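The values are calculated or read from the model by the stated rules, or taken from the named source; none is laboratory data. A quick note: this is a predicted structure, and the numbers were derived from the prediction, not measured. Here Cβ is always computed from backbone atoms with ideal geometry, including for glycine, and neighbour counts include all displayed protein chains.
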Amino acid sequence: MSELLLFEKSKEGRRGFLLPALDVPAADPQEVIGPSICADAPPALPQLCEVEVTRHYQNLARKNFGVDLGFYPLGSCTMKYNPKVNEEAASLPGFCEVHPLQPEESVQGSLKLLHTLTSFLCEITGMSWGTMQSMAGAHGEFTGMKLFRAYFQKRGETRRNRLIVPSSSHGTNPASAHLSGFEVVEIPADSRGLVSLEALAPHLDDRLAGIMLTNPNTLGLFETDILEISQAVHDSGGLLYYDGANLNAVMGISRPGDMGFDVIHLNLHKTFSTPHGGGGPGSGPVLVSKRLVPFLPVPDVTQEGDIYRFSWDRPESIGKISGFYGNFLVNVRALTYILVMGCDGLKRASQMAVLNANYLMKHLKPLYHLTYDVICKHEFVLSAERLKKETGITAVDIAKGLIEEGIHPPTVYFPLIVPEALMIEPTETETLETLDRFIEVMKHLHRRAYEDPQSLKEAPSHMAVSRVDDVGAARHPRVCWEC
Ligand SMILES: *Cc1c(COP(=O)(O)O)cnc(C)c1O
């Protein structure tokens with residue numbers, strides 16, 4: 001299997017296509033496009049024949065791992081199976097061949113889809129209205145922070161510049177808050193692994209913009225004091241942001257809107273079964289409570305009788321946050337999933353996700369230390385700290401050992417507050433046999449750590465790619481090909 005890049009395989013004059021002879025006068029790109037943006041020379045693209053390109057990508061794909069190939073318990077990422085009916089809907093010509101600049105009357109079905117999906121997501125989360133424009137979770141967070149800002153500006157409360165973020169939060173939360181110009185105030189988790197009112201109290205003043213929370217949090221634990229927290233934040237004039245990337249534990253059971261949240265983003269590419277990984281495309285819709293609706297991005301999709309329209313009539317809007325209307329076909333997949341599952345199906349998915357996580361947790365906690373030993377939601381966090389002390393084998397060694405067994409590693413070293421963390425999320429779509437095999441493999445790796453630690457330090461030893469130099473890759477990344 002060749003490791004060469006397409007550029008290195010290139011041979012002058014090779015072609016993978018045949019164009020018909022030109023039957024119109026040739027135009028000079030410098031004239032048509034204009035010299036200011038037209039390059040002086042054509043791009044140095046590789047020149048290859050079709051079979052080479054096909055083999056190149058097929059060989060790369062065979063080295064890859066995906067949820068269609070095996071178990072993928074990557075905590076906080078909800079790698080649930082993506083039903084193929086979603087793909088069927090997204091490949092209907094009426095959806096995939098529309099152009100974003102087509103007249104409204106010719107894309108009524110697509111507008112209806114955006115409107116229907118927004119209202120379904122509002123129903124699921126208990127929010128008032130939203131936007132489907134944001135293309136990822138972090139993009140949703142950024143949009144949410146802009147909405148916070150607009151709300152305080154309207155009220156003349158520009159002093160409110162502090163955002164509370166719990167220490168267990170997903171890394172994108174403090175990043176989004178900081179990039180939006182807020183001052184990030186980190187508060188520690190208490191002995192239960194939860195946000196406590198005591199930790200919150202010192203920050204409840206007129207400089208508070210609000211709090212960013214995920215519930216269940218990244219330890220897989222439900223914030224039991226959420227109603228008191230939301231009351232306290234609202235009483236001091238702040239807003240609540242819900243990171244709903246992982247709604248998979250509570251979908252159809254409890255609603256962020258009912259908990260008092262003002263803004264929420266969802267990751268359709270996690271909870272709502274659209275594919276993710278490799279950087280997208282995703283969809284991270286933002287939904288808001290009534291008082292933030294006037295600030296939502298434009299255009300909105302509105303309904304009058306049977307007619308759907310784009311509406312730009314929102315004078316206090318934060319404006320556009322993406323080109324056109326977001327990743328439309330991802331939204332088609334999500335609506336398909338919701339319609340196929342129905343209310344009961346969505347609820348059942350959450351229940352099964354929680355059951356599967358607790359089943360794994362119960363079988364693995366005798367071997368790997370469980371920091372917060374209570375019933376979890378859709379995921380749980382083990383620690384390999386004891387194993388490391390006794391054998392030198394770390395969380396990352398266990399992760400590499402799993403790769404040899406055809407299982408994707410869990411999330412490691414996150415959340416930061418658990419040393420040698422292994423964060424496991426099985427999702428609802430796995431069979432009992434798959435869960436049992438994972439337990440067996442985890443037991444086997446634990447035994448191997450004591451009996452033959454050196455072999456585990458070298459894992460994976462019989463895969464297409466062996467143990468990579470993480471530090472080298474991070475410190476000296478080579479992401480460009482140089483000719
Ligand atoms: C995945 C995730 C995000 C970020 O979502 P992206 O689509 O990758 O930007 C944010 N918060 C939590 C809790 C997540 O799990």
Tell me the helices (runs of 4 or more DSSP H) entirely within the stretch 4-115 that contain at least 2 residues that are small (Gly, Ala, Ser).
84-90
Which condition breaks for Leu355 when tested against (1) hydrophobic (A, V, I, L, M, F, W, C); (2) in a loop (DSSP other than H, G, I, E, B); (3) surrounded by fewer than 19 Cβ atoms within 10 Å (Cβ to Cβ)?
(2)
Being assigned to a loop (DSSP other than H, G, I, E, B), of a type in the set (A, V, I, L, M) and more than 14 Å from Ala138 (Cβ to Cβ) is the filter; apply it to the stretch 235-267 and report the residue that is farthest from the ligand (Cβ to nearest atom).
Ile253
Tell me which residues, restricted to the stretch 116-145, are under 22 Å from Ser350 (Cβ atoms) and in a loop (DSSP other than H, G, I, E, B).
Gly126, Met127
What's the number of the only condition in (1) in contact (Cβ under 8 Å) with a residue 12 or more places away in the chain; (2) touching a strand residue (DSSP E or B) at 6+ places or on another chain (Cβ under 9 Å) that Phe120 fails to meet?
(2)
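Checking the structure you have, find out if any residue of the stretch 43-64 is under 29 Å from the mean Cα position of the chain (by Cα), of a type in the set (Gly, Ala, Ser) and within 30 Å of Asn173 (Cα to Cα).
no
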Need the failing condition index for Ser169 against (1) under 21 Å from Leu204 (Cα atoms); (2) within 15 Å of the ligand (Cβ to nearest atom); (3) outside any loop (DSSP other than H, G, I, E, B), just the number.
(3)
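Give, as residue ranges, the helices (runs of 4 or more DSSP H) completely inside the stretch 397-483 that count at least 1 residues that are surrounded by 15 or more Cβ atoms within 10 Å (Cβ to Cβ) and at pLDDT 95 or above. Step through it out loud before you land on a result.
Numbers: elements: 432-451, 453-457, 470-475.
In the stretch 397-483, 432-451, 453-457 are the helices (runs of 4 or more DSSP H) which contain 1 or more residues that are surrounded by 15 or more Cβ atoms within 10 Å (Cβ to Cβ) and at pLDDT 95 or above.
Quick one: would you say Pro93 is in contact (Cβ under 8 Å) with a residue 12 or more places away in the chain and either of a type outside the set (Lys, Arg) or within 16 Å of the ligand (Cβ to nearest atom) (or both)? I'd like the intermediate steps shown before the answer.
Values: in contact (Cβ under 8 Å) with a residue 12 or more places away in the chain: no; either of a type outside the set (Lys, Arg) or within 16 Å of the ligand (Cβ to nearest atom) (or both): yes.
When the stated conditions are applied, Pro93 does not pass them.
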Going through the stretch 306-325 one residue at a time, which ones are among the β-branched types (Val, Ile, Thr) and within 16 Å of the ligand (Cβ to nearest atom)?
Ile321
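For the stretch 275-305, which residues satisfy the criterion of being assigned to a loop (DSSP other than H, G, I, E, B), more than 16 Å from the ligand (Cβ to nearest atom) and free of Cβ contacts under 8 Å to residues at least 12 places away in the same chain? If you could, list the steps in order and put the result at the bottom.
From the stretch 275-305, those assigned to a loop (DSSP other than H, G, I, E, B) are 275-285, 289, 296-299, 305; that's our starting set.
With the extra rule that they be more than 16 Å from the ligand (Cβ to nearest atom), the set shrinks to 289, 296-299, 305.
If the condition is that a residue be assigned to a loop (DSSP other than H, G, I, E, B), more than 16 Å from the ligand (Cβ to nearest atom) and free of Cβ contacts under 8 Å to residues at least 12 places away in the same chain, then Gly305 is the only one that fits.
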Single residue of the stretch 132-172 satisfying the filter (surrounded by fewer than 24 Cβ atoms within 10 Å (Cβ to Cβ) and aromatic (Phe, Trp, Tyr)) that is farthest from Leu296 (Cα to Cα)
Phe152
Restrict the check to the stretch 117-131 and report whether at least one residue is crowded, with 17+ Cβ neighbours inside 10 Å and within 12 Å of the ligand (Cβ to nearest atom).
no
Any idea which of Ala334, Ala349 is assigned to a helix (DSSP H, G or I), of a type outside the set (Ser, Thr, Tyr) and within 16 Å of the ligand (Cβ to nearest atom)?
Ala334
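Just one of His378, His363 is part of a loop (DSSP other than H, G, I, E, B) and on the phi < 0 side of the Ramachandran plot; which is it? Working first, answer last.
Details: His363 fails: part of a loop (DSSP other than H, G, I, E, B).
Result: His378 is the single residue among His378, His363 that is part of a loop (DSSP other than H, G, I, E, B) and on the phi < 0 side of the Ramachandran plot.
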Name the pairs whose Cβ atoms lie under 9 Å apart, with the first residue in the stretch 163-187 and at positive phi, the second more than 10 Å from the ligand (Cβ to nearest atom) and at pLDDT 95 or above, and 6 or more positions between them or separate chains?
Gly181/Met145; Gly181/Arg149; Gly181/Asn161
Answer yes or no: is there a residue in the stretch 180-195 that is in contact with a Lys or Arg (Cβ under 7 Å, 6 or more places away or on another chain) and basic (Lys, Arg).
no
What pairs can you find where one residue is in the stretch 132-154 and within 27 Å of Leu111 (Cα to Cα), the other is of a type in the set (Ser, Thr, Tyr) and away from the ligand (no atom under 16 Å from the Cβ), and their Cβ atoms are less than 7 Å apart, with a gap of 6+ or different chains?
Met132/Thr118; Met132/Tyr325; Gln133/Tyr325
Of the conditions (1) within 15 Å of the ligand (Cβ to nearest atom); (2) farther than 18 Å from Leu266 by Cα; (3) modelled with pLDDT of 95 or more, Val195 clears all except one; give me its number.
(3)
